[in-house]
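The values are calculated or read from the model by the stated rules, or taken from the named source; none is laboratory data. Computed from a predicted model, the values in this text were never measured in an experiment. Ideal geometry is used to build each Cβ from the backbone, glycine not excepted, and the neighbour counts take in all protein chains shown.
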């Protein structure tokens, strides 16, 4: 009888986790992606939970789903129960207590340069956690695609998401020494009209670069044969002497330290760009997500410090 009761309790907990995921993501398929479950199993868990509590938790049609009024009340209780369970599990062992999968979206270059390494460090510290890292320069829909967390560079577009600032990146203008020897070193942003520039097609206007000139934000028209949606590819082109590129300093400090590229127009740098962690609002606190965000904040801070030391040596 004990084991039958224990099985019922475990099924209830799995059902609650599934119900919370469905409510927060807005669909069975997105909840399945978050939890690593098939749509069929998500439906099975919800149906079993509804049968157990004796109420309809979710209204579903072929096109949409919504949480019932009774389900909203039950949802708040589920979040409290699951938060206590996760907090209890985490307290048992400060290093190994965290469990489960965290699905993370990050920009391609930033993901390759910093997020991937930080994720590997985190899983080494917390062997019970698995990180599903998806690199894409598209702004992934967290709810629709089942992401727990996204790392984003720049101002936020989704006002309904929770945001934690991890740090900031500064945009640096760089070129290879061979390029500058052949074409000259620009003294002011307006001098860029005489130079080949590698444009970032991720920006709203790749042919206009922004600088701070005499305390005022100024846009300068640039031209060049290459427009690229990858900061790492732009940096590579600059390293090969193709032209001048603008990239976040967090990506370029190794190339600057090695002398492959050198900064120009340092006195005209624009404002810093925020690096942020964003996630869906929820009353249900997930310890592994909180711990990962804190870990990412530390990783960004260490990268910022490396950049400061690199640029200080080059001045």
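This table checks each residue for (1) part of a helix (DSSP H, G or I); (2) loosely packed, with under 15 Cβ neighbours inside 10 Å; (3) at pLDDT 80 or above.
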residue: 237; (1), (2), (3): yes, no, yes
residue: 252; (1), (2), (3): yes, no, yes
residue: 257; (1), (2), (3): yes, no, yes
residue: 271; (1), (2), (3): no, yes, no
residue: 276; (1), (2), (3): no, no, yes
residue: 283; (1), (2), (3): no, yes, no
residue: 293; (1), (2), (3): yes, no, yes
residue: 313; (1), (2), (3): yes, yes, no
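Counting just the residues of segment 81-115 that are outside any helix (DSSP H, G or I) and exposed (fewer than 13 other Cβ atoms within 10 Å of the Cβ), which one comes out modelled with the lowest pLDDT? Per the criteria, the residue is 95. When 183, 203, 232 are checked against the criterion of being within 25 Å of the chain's Cα centre (by Cα), closer than 24 Å to residue 259 by Cα and surrounded by fewer than 18 Cβ atoms within 10 Å (Cβ to Cβ), 232 stands alone in meeting it. Of the residues examined, residue 193 is one that is surrounded by fewer than 13 Cβ atoms within 10 Å (Cβ to Cβ), farther than 14 Å from residue 172 by Cα and at pLDDT 85 or above. Just so you know, in segment 206-215 the residues that are closer than 19 Å to residue 154 by Cα and in a loop (DSSP other than H, G, I, E, B) include one that is farthest from the chain's Cα centre (by Cα), and it is 207. Every listed requirement among (1) part of a helix (DSSP H, G or I); (2) farther than 15 Å from residue 245 by Cα is met by residue 192 save one, (2). Only a single criterion out of (1) buried (at least 22 other Cβ atoms within 10 Å of the Cβ); (2) more than 14 Å from the chain's Cα centre (by Cα); (3) in a loop (DSSP other than H, G, I, E, B) is not satisfied by residue 160, namely (1). Within segment 42-80, the set of residues being surrounded by 14 or more Cβ atoms within 10 Å (Cβ to Cβ) and at pLDDT below 85 comprises 60, 65, 79.
When 218, 173 are checked against the criterion of being under 14 Å from residue 243 (Cβ atoms) and either outside the structural domain of residue 63 (by TED's automatic domain parsing) or outside any loop (DSSP other than H, G, I, E, B) (or both), 173 stands alone in meeting it. Residues in segment 133-157 that are part of a strand (DSSP E or B) and touching a residue at least 60 places away in the same chain (Cβ under 8 Å) were compared, and the one that is farthest from the chain's Cα centre (by Cα) is 153.
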